[in-house]
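Shown next, in structure tokens, is the structure this report addresses.
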Amino acid sequence: MRFTVLDSWRGLCALWVAVYHFRVISYAGDTELVRHGHLAVEFFFVLSGFVITCAYGDRLLTTADRVKFMIRRFGRLYPLHLVTLLAVVAMECARWAISMKVGREVGGALFEGATDPATLIPNLLLIHGWGFWPDFTWNVPSWSISVEFLLCGLFVLVFALPRRLMAVALFTAIGAAAFLYTRYGIAEQSESTTAVARGVYAFFLGGLVYYAYRWWKSRERGVHPWLEWLVIPVFLVVSSLDGTLLPPLLFAAMIFIFAFEGGVVSRVLKQPSLVRLGEISYSIYLVHYLVVLAAFGAAAVLGRIVDLGAPWIDASGRLYGDLLTLVYLAVVIGLSAVTYSLVESPGRNWFNALANRPPRRRPEASGGD
């Protein structure tokens, strides 16, 4: 089953993250919604839990099924992660070469912090977002891909249990408790402190939403189309709820409503351009940061970086900043369409074929009469 409208929402939220990371002085960049764009990741976790529970919740019956599932998920996540990671490494090497040529470090310290070589192996192993390292590194948004793969492993374990609904509810509660502890019970906070807990809470909450959706639909009930308009207050208030358990709950309610695809907003979200945006959303999510790094590198060379507590691009006016943001998004979408066609889709298809390959039969031993 495909939820077309939810796919479109995934695409729009990928653009939300993209604008959040593109820190150019602009009217858009000064809004609370954009300043809290990292909350879109919580939407992704809830949606992943919903969709994966729908697709695989009743299918992981044997060890072979579970192995195939993990191969498929690896093939969905890893090929594009690897390509974008290597691209960031190449960009850092290019920055080093330029810095050597001009005699000064261009764009900040080289091979430190987010580009610390010691974190390259964890990135290659897809474990860099599991909380063992304090900061998110290299292709920074990929921390959530690392957590997503961990969540897929937990999904296999949870859905091997006999009472799956109770297990999903239990892990949702465990994730919520872990989030509250890591958020408020640990004095020294870092980027990765709450990463895994956020993922566990939101992902298994998404699983609960799917069970609620399936139960409600089995009773031949829908939702009132006007409920879709509640998405407006959701996005108006969600930024003020950052750091609490509430954003995933709001996203869960939003996903439940739009899974029925019954209102005016859903009809808009079924437009081909928005459906295509959802199709390439994973590429948008991983590719946009490459464009951010390239833009900041160019701005550093041109002397257009200002320090406002963090580096921002000064485009000589907020309106110019908004125009530059639109150009940036166009580049991100165009480049993402290319990586989807050349990397993401072929990589996924190859691993899907690998998962579907029948096991080799051992040749029968020939015996004498």
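Answer with yes or no whether Ser48 is touching a residue at least 24 places away in the same chain (Cβ under 8 Å), small (Gly, Ala, Ser), farther than 17 Å from Leu329 by Cβ and buried (at least 19 other Cβ atoms within 10 Å of the Cβ).
Judged against the criteria, Ser48 is a match.
Could you please tell me which pairs satisfy a Cβ distance under 7 Å, a separation of 6+ or placement on different chains, a first residue in segment 113-130 that is on the phi > 0 side of the Ramachandran plot, and a second residue that is open to solvent by less than 10 Å² (accessible area, probe 1.4 Å) and among the small types (Gly, Ala, Ser)?
Leu126/Ser146
Okay, residues lined up against (1) at pLDDT below 80; (2) touching a Leu at 6+ places or on another chain (Cβ under 7 Å); (3) under 30 Å from Ser26 (Cα atoms):
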{"site": "Leu293", "(1), (2), (3)": "no, no, yes"}
{"site": "Tyr328", "(1), (2), (3)": "no, no, yes"}
{"site": "Val331", "(1), (2), (3)": "no, no, yes"}
{"site": "Ser341", "(1), (2), (3)": "no, no, no"}
{"site": "Arg348", "(1), (2), (3)": "no, no, no"}
{"site": "Ala353", "(1), (2), (3)": "no, no, no"}
{"site": "Pro359", "(1), (2), (3)": "yes, no, no"}
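Could you list, ordered by first residue, the pairs with Cβ atoms under 6 Å in which the first is in segment 165-183 and open to solvent by less than 70 Å² (accessible area, probe 1.4 Å) and the second is part of a helix (DSSP H, G or I) and hydroxyl-bearing (Ser, Thr, Tyr), at least 6 apart or interchain?
Matching pairs, first to second residue: Gly175/Tyr201; Ala176/Tyr201; Phe179/Tyr201.
Find the residue count for segment 201-225, including only residues that are under 28 Å from His38 (Cα atoms) and either open to solvent by 40 Å² or more (accessible area, probe 1.4 Å) or not in a helix (DSSP H, G or I) (or both).
Selection size over segment 201-225: 2.
Report, by residue number, each residue of segment 30-40 that is out of contact with any Pro (no Cβ under 6 Å at 6 or more places or on another chain) and open to solvent by less than 10 Å² (accessible area, probe 1.4 Å).
Correct list: Gly37, Ala40.
Considering only residues of segment 260-289 that are among the charged types (D, E, K, R) and farther than 30 Å from Leu342 by Cβ, which is least open to solvent (accessible area, probe 1.4 Å)?
Ranking the qualifying residues of segment 260-289, first place goes to Glu261.
Among Val292, Val301, which is the only one that is open to solvent by 60 Å² or more (accessible area, probe 1.4 Å) and either β-branched (Val, Ile, Thr) or out of contact with any helix residue (DSSP H, G or I) (no Cβ under 9 Å at 6 or more places or on another chain) (or both)?
Result: Val301 is the single residue among Val292, Val301 that is open to solvent by 60 Å² or more (accessible area, probe 1.4 Å) and either β-branched (Val, Ile, Thr) or out of contact with any helix residue (DSSP H, G or I) (no Cβ under 9 Å at 6 or more places or on another chain) (or both).
Considering only segment 56-71, how many residues are in contact with a helix residue (DSSP H, G or I) (Cβ under 9 Å, 6 or more places away or on another chain) and either open to solvent by less than 30 Å² (accessible area, probe 1.4 Å) or assigned to a helix (DSSP H, G or I) (or both)?
10
For segment 228-259, what are the residues that are over 30 Å from Tyr184 (Cβ atoms) and open to solvent by less than 40 Å² (accessible area, probe 1.4 Å)?
Glu228, Ile257, Phe258, Ala259
The values are calculated or read from the model by the stated rules, or taken from the named source; none is laboratory data. None of these values were measured; they are calculated from a predicted model. Neighbour counts run over all protein chains shown; Cβ positions are idealised from the backbone, glycine included. Side chains included, ligands, DNA and RNA excluded: accessible areas come from the protein's heavy atoms. Shrake-Rupley method; radii C 1.70, N 1.55, O 1.52, S 1.80 Å.
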